[in-house]
Amino acid sequence: MKKIMIVCMLFAGSGMVNAQTEASQTWEGNTHTNSRGIIQHDNEFANTEINVENRKVTFSELPDLKKATWAIVTDPAGTVMTQKRINPNDNSMDLHRLPKGEMYFVTLVYKNKSQKAFVLHL
């Protein structure tokens, strides 16, 4: 009885291994853009950059989106220091209240998902 159980477990295990290797294969040579297995995510913030002058951060090449984009500044411990809604017309943040000589992280958040992050040293 034990031998039969071991043989059945080996067959079931080999079936799972086969399924995993087939699922992990890439679809080379497939030119159809909507084919299964190819997931494409375009990040609208891929070209967004920051410029810091006189402790004022300006964002360039922000996409014009339907919902609000938030710029959130945190310290290395993860504490939110300041945040502001930004868009292509109002694309700057004043950081004069933050202590000088510290490191901060600026994260662009759209639809409650982090889209792009920057390291800022004042």
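Taking the stated definitions as given, is N43 at pLDDT 75 or above, closer than 14 Å to Q115 by Cβ and within 22 Å of the chain's Cα centre (by Cα)? So that I can check it myself, show each step before the final result.
Numbers: at pLDDT 75 or above: yes; closer than 14 Å to Q115 by Cβ: yes; within 22 Å of the chain's Cα centre (by Cα): yes.
Judged against the criteria, N43 is a match.
When each of P88, P63 is tested for being in contact with a Phe, Trp or Tyr (Cβ under 7 Å, 6 or more places away or on another chain) and on the phi < 0 side of the Ramachandran plot, the lone residue that passes is P63. Residues of the stretch 67-86 that are assigned to a loop (DSSP other than H, G, I, E, B) and either at pLDDT 90 or above or in contact with an Asp or Glu (Cβ under 6 Å, 6 or more places away or on another chain) (or both): D75, P76, A77, G78, T79.
Looking across the stretch 86-110, the residues that are over 13 Å from I50 (Cβ atoms) and surrounded by 11 or more Cβ atoms within 10 Å (Cβ to Cβ) come down to N87, P88, D90, D94, L98, E102, V109, Y110.
Restricting E53, E61, E44, E49 to those that are of a type in the set (D, E) and in contact (Cβ under 8 Å) with a residue 40 or more places away in the chain reduces the list to E44.
The values are calculated or read from the model by the stated rules, or taken from the named source; none is laboratory data. Keep in mind it's a predicted model, so treat the numbers as computed, not measured. A quick note on method: Cβ atoms are made from the backbone with ideal geometry, for glycine too, and the neighbour counts reach across all protein chains shown.
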